[in-house]
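What follows is one structure encoded as structure tokens, with my remarks underneath.
The values are calculated or read from the model by the stated rules, or taken from the named source; none is laboratory data. These figures come from a predicted structure and were not determined experimentally. FYI the Cβ positions are ideal-geometry reconstructions off the backbone, even for glycines, and counts take in every protein chain you see. Accessible surface areas use protein heavy atoms only, side chains included; no ligands, DNA or RNA. Shrake-Rupley method; radii C 1.70, N 1.55, O 1.52, S 1.80 Å.
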Amino acid sequence: MCVIATESFKGKALIEDRMELGEGPTFDALSGTLYWFDILGKSLCAYDVEAGVLTSHALPFLGSVLAIIDEKRQLIASDQGLFLRDSGGKLTAYAPIETKPENRSNDGRVHPSGALWIGTMSRTAETGAGAIYHVAGTTITKMFNAVSIPNGICFSPDGSVGYFNDSKVNHMMRVELD
């Protein structure tokens with residue numbers, strides 16, 4: 001017999017809204033804003049931590065990853081490629097991620113070097129249909145093939161090791177980086 005102890009959540013929920021597919025939390029220390037995506041709702045959520053104010057920005061695509069470039073620009077990964085977003089919310093196409101229209105971005109993280117890692121997956125979670133990409137400036141390089149549901153992209157504090165999960169097959173990958 002297995003007994004699992006559960007505790008009530010003792011923290012504070014930032015918002016009460018529920019979404020079917022939330023992804024890509026990113027904190028912008030310059031503005032004190034926490035960002036995340038409501039992928040299926042096609043929106044970028046921005047929570048001003050100090051003011052306690054939530055703003056939702058409608059998107060014309062399924063966004064899932066946000067990288068802070070500087071105080072006036074962000075890079076967003078989506079099912080339609082990479083887009084620059086300026087401080088006024090204007091979106092400008094930047095570069096395609098891949099050529100499979102049946103795929104979308106899912107998870108990503110900025111490496112300590114400043115490069116962005118992005119995972120892609122099939123909209124129907126088809127086994128092995130996605131990949132992991134490395135974005136440095138305008139150069140986009142496929143690093144890993146045959147990924148199903150990329151999640152948990154992260155790095156060791158010194159950036160020498162990268163990690164990601166394939167949630168569909170329950171594998172965690174670890175790769176040495178230079």
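The criterion of at least 2 residues that are free of Cβ contacts under 8 Å to residues at least 40 places away in the same chain, open to solvent by 60 Å² or more (accessible area, probe 1.4 Å) and more than 23 Å from ASP38 (Cα to Cα) is met by the following strands (runs of 3 or more DSSP E) wholly inside segment 76-178: 139-147, 171-176.
Selection of segment 86-103 for residues being touching a Gly at 6+ places or on another chain (Cβ under 9 Å) and not small (Gly, Ala, Ser) yields TYR94, PRO96, ILE97, GLU98, LYS100, ASN103.
Listed here are the strands (runs of 3 or more DSSP E) enclosed by segment 1-70 that have at least 2 residues being under 28 Å from MET121 (Cα atoms) and of a type in the set (A, V, I, L, M): 43-48, 63-70. Within the bounds of segment 11-30, is there any residue that is without any contact (Cβ under 8 Å) to a residue 24 or more places away in the chain and open to solvent by less than 10 Å² (accessible area, probe 1.4 Å)? No.
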